[in-house]
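Notes to accompany the following structure.
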Amino acid sequence: MTTSTPTPASAAQDSWQRFLETYEPLRSQLYRYCRYLTRSPWDAEDLAQDALARAFVTLARMHRQEPANPRAWLFRIASNLWIDQMRRRHEVAAETPEAPAAPPAEPRAPREAAGTLLVTLAPQERAAVVLKDVFDLSLDEIAESLGTTAGAVKAALHRGRGKLAEEPAPEATRAPTPAALDAFCAAFNAGDLDRLTSLLLDTAVVEVVGATTQYGPAAAKRTVLLGMLFGFRRLADPQVRALFDARFADGALPDAAPRVEARRHRGRWFLLHWYQHTDGEAVRAVTTLELDGDRVARLANYFYNPDFLVDIAGELGVPVRVNGHRWWAPEVRS
């Protein structure tokens, strides 16, 4: 009897899923930490995903040595990534001639307008204040999370708290919906998979954030776009709920296709995916589109991102139902 040898791709995917199962209890705290650092749901989700990917790679190189404090370890990885991002932005800004003032963006949520953590705080100061005042970590735990000393943390807290102030909320602006976004909504709401696919560039990148990335229209059509249009049938049918955690499917209707609606918030356009349930409509996903003229260059679908979805829905004041973090069926994995 012969046994099949796992391919590198399948072995990597299995390891990644096992990693996520282990660290899943910390994901909400990681998102919350990233949210306070970045002050944006979009940037927080990106930073959390990057931190998990970096943690996975780093763990593979630790020679079976597990982190003593997994939460502090994840926070340290996120902190380092964010501080590096801030430094790069500062370097680019210093090299770029001053641009005309940008038009004001949409008003932010009350907690944003309050400016509890201003962007004028230095990155390490902001991280220290968040870890102490929001997560109530000790000075030693904060030092571990930031890769510094307790004395340096104390100094950062003192400086950071001295700079806290309120930030005025910007005024609202209105912008017309891009034609390509309208075309995407029309094709989606008509359930027209071919027309939806035709809107993608040949070089388009299509992603279910944290789950899969496909390249080109053909691959996107048979996986991501198909799931976006018709995955609700699996969601609602307990017999075919593969790739979905059934705990989150209660009340989903099997015969009511989702619809998308274009919204603009925090200076960007995106799509809300409304699903029908026995107790009414609720948002279960968000999609962003990067456009190149009248075509889509990049699509990012946020479905397995519960903390992000709750955050965005809360800012918009719309009902939301989440789908958990897992895109695989745990009971069928060995």
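The values are calculated or read from the model by the stated rules, or taken from the named source; none is laboratory data. None of the values given here were measured: they were computed from a predicted structure. FYI the Cβ positions are ideal-geometry reconstructions off the backbone, even for glycines, and counts take in every protein chain you see.
Scanning the stretch 74-87 for residues that are without any contact (Cβ under 8 Å) to a residue 60 or more places away in the chain and either more than 18 Å from G210 (Cα to Cα) or more than 21 Å from the chain's Cα centre (by Cα) (or both) yields W82, I83, D84, Q85, M86, R87. Applying the criterion of being assigned to a strand (DSSP E or B) and at pLDDT below 95 to the residues of the stretch 272-281, the residue that is surrounded by the most Cβ atoms within 10 Å (Cβ to Cβ) is Y275.
For every residue, the table says whether it meets (1) at pLDDT 95 or above; (2) of a type in the set (A, V, I, L, M, F, W, C).
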residue	(1), (2)
T287	yes, no
D292	no, no
L299	yes, yes
G324	no, no
E331	no, no
S334	no, no
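Contact map, the stretch 189-217: residues that are on the phi > 0 side of the Ramachandran plot paired with residues that are part of a loop (DSSP other than H, G, I, E, B) and surrounded by 17 or more Cβ atoms within 10 Å (Cβ to Cβ), Cβ distance under 9 Å, separation 6+ or inter-chain. Pairs shown: G210/F303; G210/Y304; G210/N305; G210/H325; G210/W327.
Scanning the stretch 222-241 finds no residues that are under 28 Å from R54 (Cα atoms), at pLDDT below 90, in the same structural domain as R298 (by TED's automatic domain parsing) and part of a loop (DSSP other than H, G, I, E, B). Listed by first and then second residue, the pairs linking a residue in the stretch 1-24 that is assigned by TED's automatic domain parsing to the domain that holds A55 to a residue that is in a loop (DSSP other than H, G, I, E, B) and modelled with pLDDT of 75 or more, with Cβ atoms under 6 Å apart and 6 or more places separating them unless they lie on different chains, are E24/H325. Taking the stretch 109-147 as the region of interest, how many residues are modelled with pLDDT under 80, aliphatic (A, V, I, L, M) and surrounded by fewer than 20 Cβ atoms within 10 Å (Cβ to Cβ)? Of the residues in that region, 7 qualify.
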